[in-house]
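Asks: There's a structure below that I have some questions on.
None of the figures in this text is laboratory data; all of them are computed from the coordinates on show. Everything numeric in this text was worked out from a predicted model, so none of it was measured. We place every Cβ from the backbone using ideal geometry, glycine too, and count neighbours over all the protein chains shown.
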Ligand code: AGP
């Protein structure tokens, strides 16, 4: 979850690195630092705290150099402090390293290196890397070879960037496993390295992505990539369409607010070019490389993901089973990867991941691969590991999602799963043409329906004021909107720190209804869908026990409005797409409660945007 930025060129490296790190703030961090080659020596500035602290250090003791690396740290070993902040210098002062990931065998390596005379200045696992490189440099190896030989000793997943006074005209970077990406930006007589695209997009859109077990030698003129075994690799250059401005807040107070309101655009974009609304009403998802033969061969689908992405998968289960008649099992990735799932060549495993770098999800994908499954992913981050690991993928096409609480990267996969279900049903013959035409026509309504939900933000904000001081909250849903209850609760708890719980409404009578009294507000998701009548009686049961009830209801449903305390209105929506509209008021509700409470909406405590460690 750390942020990394490197630069080599003819411009001043320091501001480029600092601005790049600022673009990666959302990844979460508790300390920051940078190192620059200046007059043949390595100068380091680093400390615990936010980037403002690092800026102060640089202002007090300026750095001047054209080659440098920077880092924002999310502590895994050693508390946030100056000595534990990256970059890490070794003993000679001739090598410096920044690292993303966990050196799983750092204790043995530390002992081995100390026995050779290495002196450690930090409690971090990362510091062993710089001492290993120094070991091989002092044995007369060149920098590239010294880095390669050092990496051989490391267990775990890593993203590493290093520079040295030995060869000041290059930066070496390497990637092992899935500890966050390494992307190399190609400029004119200058090169950029980063752990994520937003850090370098203002400088270049031409990038290459390092794969696992690859090492890059980056010089001003360009980059040479090789495997850790030394075999030359030709990586394809990607042109990235995202522009840096879209990664800014615009007129919004928080990224989360911007991204909630971007959902009309992101839903339009995730549909764009994939649906034939005029003629055959077909769906095209070319990156899946799906043929009728492959589609007919699928006996079962596992959907695996974490957090919000897992909630999208739960909706996907209902859609794919109902439309394509294929059995679907949803498994959160941290469970799937360890439970020896029954997976074979007739099983498809679909991973959903906004960042495409979530360690548990990637590990689940690797487990599926090992067991011979066909592997798909739905990702937002192009070039991410989850995209490149899969046999086929669907891009969310939502643009950068910076707020830690996922919003547009929840509704986009709902639509992707809806389109996937139609495609599978069509290819397998379980969906006839008239039904397909209706489903495709319904899809056309979605961006406008989402827009109408957003137009009601004022009503939601009023409810937020009413609920801003609650200590607990229950979210109840059924059927295709049961995951909506889980997602609404997750949004509230992760940004407002209020204990919120999503629950299958039908389960209340089996225990949780004991919780309900006037101190336990209940959000009931009760749009006009096939489960409406059951939800209506749920509302009556909650009211009978004195609860404050907030109902999410379809426009003009006076029957519900007459018995609840507050209503969050949603426009009439075809039930299979209703999770797209029902979630938007809940996103807004969580956002406004957290904003009213004055909390750090975009970077909630203890959380990071991409959980690249277990
Ligand atoms: C959702 O708001 C959270 N930020 C978190 O649950 C997130 O969905 C989860 O970590 C999965 O992330 P991914 O989609 O990038 O894999």
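Asks: Could you give the nm distance between label points at residue 441 and residue 91, where each point is 7 Å from its Cα heading toward the beta carbon?
Replies: For the pair residue 441/residue 91, the computed spacing is 7.8 nm.
Asks: Tell me, how many Å apart are the Cα centres for segment 408-426 and for segment 523-567?
Replies: Segment 408-426 and segment 523-567 have Cα centres spaced 28 Å from each other.
Asks: Is it possible to state the helix-based mean residue ellipticity at 222 nm for the chain, with each DSSP H run of 4+ residues giving -39500 (n - 2.57), the sum divided by total residues, to the nearest 500 deg cm²/dmol? What is it?
Replies: Values: 20 runs with 216 residues, N = 614.
Taken over the chain, the calculation gives -10500 deg cm²/dmol.
Asks: Tell me the Kirkwood radius of segment 573-614: reciprocal of the mean inverse pair distance over distinct alpha-carbon atoms, in Å. Display every interim value, and only then the final one.
Replies: Numbers: mean 1/r = 0.0797 Å⁻¹.
Value: 12.5 Å, from the Cα pair sum.
Asks: Sort out for me the Cα centre separation of segment 342-399 from segment 47-73, rounded to whole Å.
Replies: Answer, in whole Å: 36.
Asks: Could I ask something else about it? Mind jotting down a quarter of the surface of the convex hull over the alpha carbons of segment 96-239, in square nanometres, one decimal? Spell out each step's value before the answer.
Replies: Numbers: hull surface 33.9 nm².
Dividing the Cα hull surface by four gives the mean projection, 8.5 nm².
Asks: How high is the FRET efficiency between residue 105 and residue 430 when r is their beta carbon distance and R₀ equals 41 Å, given to the nearest 0.05?
Replies: Values: r = 50 Å, r/R0 = 1.22.
Calculated transfer efficiency: 0.25.
Asks: So, one more: Starting from the Kirkwood radius over alpha-carbon pairs of segment 298-387, derive D by Stokes-Einstein at 4 °C in a medium of 1.567 mPa s and give it in µm² s⁻¹. Don't jump to the answer; show the numbers that get you there.
Replies: Values: Rh = 12.6 Å.
The calculation lands on 103 µm²/s.
Asks: I've got another one for you. Would segment 162-204 count as rounded, prolate or oblate if I go by the C-alpha gyration tensor, calling it rounded below 1.5 in a/c and otherwise prolate when a/b exceeds b/c, oblate otherwise? Show your work: numbers first, answer last.
Replies: On the way: a/c = 2.88, a/b = 1.10, b/c = 2.62.
Oblate.
Asks: Determine, for each peptide in 485-492, 50-57, 363-370, the mean count of other beta carbons within 10 angstrom over its residues, then list the peptides with the highest first.
Replies: Numbers: 485-492: 27.2, 50-57: 17.0, 363-370: 20.5.
My ranking of the peptides, most packed first, is 485-492, 363-370, 50-57.
Asks: List the relative contact order of segment 138-191 as a percent without decimals, with contacts defined as Cα pairs under 8 Å and 6+ residues apart. Could the numbers behind the result be given before it?
Replies: Working: 47 pairs, mean separation 15.6, N = 54.
29 percent.
Asks: Cut-off is 10 Å between beta-carbons; in what order do 192, 277 appear when sorted fewest neighbours first?
Replies: On the way: 192 26, 277 12.
Least to most surrounded, the residues fall as 277, 192.
Asks: Extent of segment 467-614 along each principal axis, from alpha carbon coordinates, in Å, largest to smallest?
Replies: Here the spans come out as 43, 33, 30 Å, largest first.
Asks: List the equivalent ellipsoid semi-axes of the chain in whole Å, largest first, each obtained as the square root of 5λ for an eigenvalue λ of the Cα gyration tensor. Please report the intermediate quantities before stating the final value.
Replies: Details: eigenvalues 410, 149, 92 Å².
Equivalent ellipsoid semi-axes, largest first: 45, 27, 21 Å.
Asks: Using a cut-off of under 18 Å, list every residue of segment 254-293 whose amide N is near the label point 7 Å from the Cα of residue 597 along the Cα-to-beta-carbon line.
Replies: Zone members listed by number: 254-257.
Asks: Using only the alpha-carbon atoms, what does segment 475-527 span along each of its principal axes? Please give whole angstrom values in decreasing order.
Replies: 29, 27, 17 Å, listed from the longest principal axis down.
Asks: Further question: What relative contact order, as a whole-number percentage, does segment 290-407 give when Cα pairs under 8 Å and 6 or more residues apart are counted?
Replies: Numbers: 216 pairs, mean separation 26.8, N = 118.
Reported as a whole number, the value is 23 percent.
Asks: Give the angle, between 0 and 90 degrees and rounded to the nearest 10, that separates the Cα long axis of helix 482-496 from the longest principal axis of the Cα atoms of the chain.
Replies: 50
Asks: What are the extents of the Cα atoms of segment 229-315 along their three principal axes, in Å, largest first?
Replies: Per principal axis, max minus min of the Cα coordinates gives 49, 49, 33 Å.
Asks: Got a sec? Which residues in segment 161-185 would a label at residue 220 touch, if it sits 7 Å along Cα→Cβ and we count backbone N under 12 Å?
Replies: 169-170
Asks: Report, to two decimal places, the Cα Rg of segment 96-152 normalised by 2.2 N^0.38 Å (N = number of residues). Working shown, then result.
Replies: Working: Rg = 10.7 Å, N = 57, 2.2 N^0.38 = 10.2 Å.
Rounded to two decimals, the normalised Rg is 1.05.
Asks: Can you tell me, using C-alpha contacts under 8 Å and at least 6 residues apart, the relative contact order of the chain as a whole percent? Don't jump to the answer; show the numbers that get you there.
Replies: Numbers: 1415 pairs, mean separation 71.5, N = 614.
Reported as a whole number, the value is 12 percent.
Asks: Can you tell me which of 501-512, 283-294 comes out highest on packing, and rank the rest after it, using the mean Cβ neighbours within 10 Å?
Replies: Values: 501-512: 16.4, 283-294: 14.8.
Going by the mean number of other Cβ atoms within 10 Å, highest first, we get 501-512, 283-294.
Asks: Give me Rg over Rh for segment 50-133, both radii from the alpha carbons and Rh done the Kirkwood way, two decimal places.
Replies: 0.98
Asks: Shifting gears a bit: Order these peptides, 135-148, 577-590, by their mean beta-carbon neighbour count within 10 angstrom, highest first. Kindly include the intermediate steps, with their values, before the conclusion.
Replies: Working: 135-148: 17.9, 577-590: 27.4.
The peptides rank, most packed first, as 577-590, 135-148.
Asks: Using the Cα gyration tensor of segment 322-461, with a ≥ b ≥ c the square roots of its eigenvalues, what is the shape: rounded (a/c below 1.5), prolate (a/b larger than b/c) or oblate (neither)?
Replies: Numbers: a/c = 2.22, a/b = 1.23, b/c = 1.81.
Oblate shape, in that a/c is at least 1.5 and b/c is the bigger or equal ratio.
Asks: For residue 279 and residue 237, what is the calculated FRET efficiency with R₀ set at 45 Å and r taken between the beta-carbons, to the nearest 0.05?
Replies: Details: r = 36 Å, r/R0 = 0.79.
Result of the calculation: an efficiency of 0.80.
Asks: Give the share of C-alpha pairs in each 10 angstrom bin for segment 1-110, from 0 to the last occupied bin, in whole percents, shortest bins first.
Replies: Pair shares across the bins are 16, 50, 29, 6, 0.
Asks: Separate question: Using only alpha carbons, build the gyration tensor for segment 384-458 and give me the equivalent ellipsoid semi-axes, biggest first, whole Å. List each step's numbers first, then the result.
Replies: Values: eigenvalues 130, 96, 9 Å².
Over the Cα atoms of segment 384-458, the ellipsoid semi-axes are 26, 22, 7 Å.
Asks: Can you sort 497, 566, 591 from fewest to most other Cβ atoms within 10 Å of each residue's own Cβ? Show your work: numbers first, answer last.
Replies: Working: 497 14, 566 19, 591 28.
The fewest-first ordering by Cβ neighbours comes to 497, 566, 591.
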